[in-house]
Amino acid sequence: MILTLCFMVSLIATANKPVASGLQELDVKAFKEKVWNIDKNKTFVREGRLPIILDFSATWCQPCKRILPHLLALQEKYKGKLLIYEIDVDKTPELAQRFKVEGMPTLIFIPNTNSFKSLLGYKEYNELDAAVNSLFFKK
């Protein structure tokens, strides 16, 4: 009985804590350092060398929650070959405006060039993996 009570109390306590997504969340400062220094370059000029996926999402967005495991699987599969960052549109609306995000989830694929491609809405893992291969690793 005591064990059951302890278990229930621990469940309630952990239910109120936010769960980290597993993706690195970027605020404006980190975005300028890792993706695009918008103070220095008014037009898109990417930072870094690895391909990047930006996941524009919100904590209340159900499709965003459903796509997250696929992004985590891609992050694991392509570890060291590409970067995936999360951007909360409620915390950084100015970044969403820069990429003309109109719905969520919106994924921005940034290859090793100063260009990007948007993908709007929930996608299955196979679709995302095909997009990664096509946009970043086509041979």
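Read-outs: derived from the displayed coordinates by stated rules, not from any lab. All figures in this text were calculated on a predicted structure; none of them were measured in a lab. FYI the Cβ positions are ideal-geometry reconstructions off the backbone, even for glycines, and counts take in every protein chain you see.
Laid out as a table, the results:
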quantity	calculated
The stretch 118-139, residues that are among the aliphatic types (A, V, I, L, M), farther than 21 Å from GLU47 by Cα and either part of a loop (DSSP other than H, G, I, E, B) or over 13 Å from the mean Cα position of the chain (by Cα) (or both)	ALA130, ALA131
Residue match in the stretch 78-92 (condition: surrounded by fewer than 17 Cβ atoms within 10 Å (Cβ to Cβ) and of a type in the set (A, V, I, L, M, F, W, C))	no
Near pairs, Cβ below 9 angstrom, 6+ apart or cross-chain, from the stretch 111-137 (over 15 Å from PHE99 (Cβ atoms)) to any residue that is surrounded by fewer than 15 Cβ atoms within 10 Å (Cβ to Cβ) and polar (S, T, N, Q)	TYR122/GLN62; PHE136/ASN112
